[in-house]
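Reviewing the structure listed below.
Since every read-out is calculated from the coordinates, none of them should be taken as a lab result. It should be emphasised that the depicted structure is a prediction, and the values quoted were computed from it without experimental measurement. Here Cβ is always computed from backbone atoms with ideal geometry, including for glycine, and neighbour counts include all displayed protein chains.
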Amino acid sequence: MLRNSKELVFAFLACILIAASYAAVVFYTNQIPAASELYGHTIGIIGFLLMLATETLYSLRKRSKKARWGPMAKWLQLHIFTGIVGPFMVLLHTSWKFNGLAGVTTLLTVIIVISGFIGRYIYTRIPRTADGIEDTGLVGQMQAGALANARRLMSLWHTVHIPLGIALFTAAFVHIIGALYYATLLK
Amino acid sequence: MNTPRIGCLSPLALVSAFITLLILIAAEIISGNSMFNPGELNAQAGVALGGVTSHSEIGKDCGQCHAPFWSGQTMSDLCQECHADIAQQIGDPTSMHGILSQGASKPCQDCHTEHNGPSASLTVMDPTDFPHDETGFSLFGHQVGADGQPFACSDCHVQGISTFDQQACTNCHRAIDMNFTVTHTHDFGESCLACHDGVDRYGDFDHSQVTFPLTGAHLQVNCSGCHIDALTISDLQNTPTTCEACHIADDAHAGKFGTQCGVCHNPSDWEDATFDHNLADFLLVGKHVDVPCESCHVSGYKGTPKDCYSCHAQDDEHNGAYGTACETCHNPSDWTDATFDHNLTAFTLTGAHVNVKCIDCHVNGIFKGTPQDCAACHADPAFHAGLFAGMACSQCHNTSAWGGASFNLAHPGACGEDVCINHEGATCRDCHTSNLAAATCLKCHDSNNPTDGGGGGDD
């Protein structure tokens with residue numbers, strides 16, 4: 001299972017390293033890093049960029065007809081890796097305060113990550129080649145009912161996951177604008 | 001299946017973005033800016049400023065503190081619109097905020113924070129990072145409190161961060177050392193900051209670093225023993241350092257030896273006194289070394305006469321006959337070890353006089369006024385038969401011996417120079433066998449008649 005889920009292992013290791021750096025900051029400053037200070041801001045910005053990459057890169061690759069930079073499976077692995085590590089960093093950026101728009105954005109982030117895990121589960125129900133394309137040979141061996149069910153679930157998931165992601169990024173952009181206005185531009 | 005646009009630009013995604021925006025705008029309007037509120041404002045009531053007694057009463061009017069960036073105002077400007085007293089402090093270089101800002105426009109939010117909840121502190125400072133030195137009191141000596149725990153601002157600033165009651169010092173230091181603190185405040189008062197600036201621990205004050213190092217018995221003396229009525233650093237520094245300033249009442253000599261106590265005494269003990277008499281004008285040598293001080297310094301040390309006779313008049317075996325300059329003959333080693341160079345007097349000792357006892361001339365031990373003429377000591381011998389009465393012996397004699405006198409006068413009588421004086425080697429006694437008044441030739445000649453021939457001495 002893990003052999004086929006290297007992205008999960010790497011994401012887990014990355015989260016461990018980030019958590020260790022967070023613990024070190026807590027230990028040396030004796031306080032939770034504020035979202036508006038250097039460390040909190042840094043992990044927030046990097047985490048958001050990773051989430052942005054999660055949202056765009058895989059989708060671009062999937063829909064690109066000309067450029068074929070590597071197999072789709074690799075892009076999906078990157079999508080999952082950044083989709084876990086980015087939100088984890090954003091979670092640490094919150095300084096564990098979940099009120100207001102920031103709290104809503106965090107909630108949406110958590111929902112989209114959970115949705116992502118569900119989507120990956122549904123995705124693996126349909127046999128695929130190394131490029132991520134449905135393996136017609138193996139698909140042909142599936143029971144028609146099960147295949148149709150998996151495809152329906154995948155479609156349904158897409159219908160929910162993408163709008164949720166867009167809602168998340170809309171909230172995140174408003175949050176960023178608010179942070180820029182109240183915490184950066186106002187002195 | 002593949003489409004030219006990415007998922008986030010699909011109609012469904014755009015609708016989702018639009019709906020989300022609408023929801024956020026609605027939430028912003030309904031909640032009254034709560035959407036961007038990172039946390040509740042402080043609700044601790046204080047003095048009414050700007051129409052409110054706490055920040056929480058400002059409610060959701062973010063613009064009260066957050067001015068639009070295009071307005072040119074800063075958050076600190078808005079803070080000081082309500083907190084006019086702080087604005088005044090910043091302009092006062094002697095106030096806490098004035099000291100800390102040092103004339104620079106330091107943002108209020110560097111030290112003061114908000115949105116941390118109704119009961120959270122509005123002042124968030126790291127005590128170890130706070131430039132407390134700039135307030136005039138360093139925290140160098142106050143790293144931990146009496147309980148061993150790191151200091152919190154409220155430990156000293158009980159009534160508020162910008163006020164300080166020096167009773168806080170006393171309370172804490174009583175817990176550390178009750179006896180010392182009670183004595184110290186009794187001696188020096190309770191205005192701790194008049195002397196202490198926090199740079200040093202005065203409990204470990206190294207007195208050797210100042211101009212008056214403490215040694216000997218001074219180490220046991222309470223500070224107030226010397227620093228009498230000292231209430232400021234200046235008072236402490238101006239404490240006199242002369243011995244008599246503190247010890248005038250201890251002077252067992254009643255001022256007779258002056259005020260330079262350190263010449264004889266040291267701080268260890270009054271009794272442990274030493275005096276190098278050789279530093280004085282009167283060197284102690286010989287038997288003077290062992291003489292008790294009081295023997296000479298009968299009525300005090302200052303002005304003690306240095307001449308011998310002042311002390312030794314009663315010792316004068318000469319009864320003053322030799323005057324009072326004892327040192328002319330004597331030295332401090334021993335009275336009997338006297339030497340006198342008679343040649344320094346008007347009467348030089350030569351010849352047989354050298355070996356004559358002093359007492360032979362200076363009869364009865366009287367030296368002064370001893371006559372220098374020969375006759376005073378030497379009676380005119382019968383041999384002279386009174387012929388030289390009134391004449392000086394030295395006309396014929398010298399001090400080597402009475403004998404061998406040379407007669408240099410005109411010989412009386414009929415004999416001429418050659419007959420009477422240079423009579424072929426004859427001495428006076430060859431002719432004057434009994435005395436000078438009588439003469440005879442018979443000692444050498446057969447007759448007293450020079451014309452008889454009679455044979456000479458060579459016969």
Amide hydrogen neighbours beyond the local backbone of B:His112, cut-off 5 Å, H modeled: B:Val124
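Could you list B:His253, B:His196 so that the one with the fewest beta carbons within 10 Å of its beta carbon is first and the one with the most is last? Before the final figure, lay out the partial values.
Numbers: B:His253 13, B:His196 17.
So the ranking, lowest neighbour count to highest, is B:His253, B:His196.
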In Hz, Karplus ³J(HN,Hα) per residue of the range B:268-277 (6.51, -1.76, 1.60; θ = phi - 60°; x = Gly, Pro): 5, 6, 4, 5, 7, 9, 9, 9, 8, 5
Selection from B:Gly39, B:Met75, B:Gln64, by position along the positive dipole direction of the range B:1-81 (Cβ): B:Gly39
Estimated vicinal HN-Hα couplings, Hz - the range B:243-249 in sequence order (Karplus 6.51, -1.76, 1.60; Gly, Pro = x): 4, 5, 4, 9, 9, 4, 6
Mean shadow area of the range B:267-424 over all directions, Cα convex hull, nm²: 14.3 nm²
B:Leu49 long-range amide H proximity, modeled H, under 5 Å: none
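Of all the stretches in chain B, which is the longest one without any exposed loop site, taking chymotrypsin sites (Phe, Trp or Tyr not before Pro) in a DSSP loop (any state but H, G, I, E, B) with at most 14 other Cβ atoms within 10 Å? Please report the intermediate quantities before stating the final value.
Working: sites that count: B:Phe140, B:Phe205, B:Phe275, B:Phe282, B:Phe340, B:Phe347, B:Trp402, B:Phe407.
That gives B:1-139 as the longest site-free run.
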Kirkwood Rh in Å, taken over all unlike Cα pairs in the range B:253-313: 12.9 Å
Mean shadow area of the range B:285-339 over all directions, Cα convex hull, nm²: 4.0 nm²
In Hz, Karplus ³J(HN,Hα) per residue of the range B:35-50 (6.51, -1.76, 1.60; θ = phi - 60°; x = Gly, Pro): 4, 9, 6, x, x, 5, 7, 5, 10, 6, 6, x, 5, 5, 9, x
As computed over chain B, the Cα convex hull volume per residue (Å³): 404 Å³
Over the protein assembly as shown: helical MRE at 222 nm, DSSP H runs n ≥ 4 each giving -39500 (n - 2.57), nearest 500: -11500 deg cm²/dmol
Amide H partners (placed H, <5 Å) of A:Arg128, local residues excluded: A:Asp135
Spatial separation of Cα centroids for the range B:241-277 and the range A:1-49, in angstrom: 77 Å
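How many percent of all Cα-Cα pairs in the range B:326-376 sit more than 12 Å apart? Display every interim value, and only then the final one.
Details: 907 of 1275 pairs.
Here the long-distance tail beyond 12 Å is 71 percent of all Cα pairs in the range B:326-376.
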Simple label model, 7 Å out from Cα along Cβ direction - B:Asp446 to B:Ile23, nm: 19.3 nm
Intensity falloff of the protein assembly as shown expressed as log10 I(q)/I(0), Debye formula with alpha-carbon point scatterers, at q = 0.05, 0.08, 0.09 Å⁻¹: -0.59, -0.90, -0.99
Longest segment of chain B lacking GluC sites (Glu not before Pro) that sit in a DSSP loop with at most 10 other Cβ atoms within 10 Å: B:1-270
Coordinate range along principal axes, alpha carbons of the range B:59-177, Å, largest first: 58, 32, 22
Hydrodynamic radius (Kirkwood) for the range A:2-185, which is based on Cα pairs only, to one decimal in Å: 18.0 Å
Filter on A:Lys97/B:Lys106; A:Lys62/A:Lys97; B:Lys306/B:Lys357; A:Lys6/A:Lys97; B:Lys256/B:Lys368; B:Lys302/B:Lys368 - keep pairs with C-alpha separation over 30 Å: A:Lys62/A:Lys97; B:Lys306/B:Lys357; A:Lys6/A:Lys97; B:Lys256/B:Lys368; B:Lys302/B:Lys368
Dipole-positive endmost among A:Thr42, B:Ser154, B:Met178 within the protein assembly as shown (Cβ charges, Cα centre): A:Thr42
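Suppose R0 equals 22 Å; then what is the FRET efficiency for B:Arg174 and B:Cys153 from their Cβ-Cβ distance, rounded to the nearest 0.05?
The value I calculate is 0.60.
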Compactness relative to 2.2 N^0.38 Å, alpha carbon Rg of the range B:32-124: 1.11
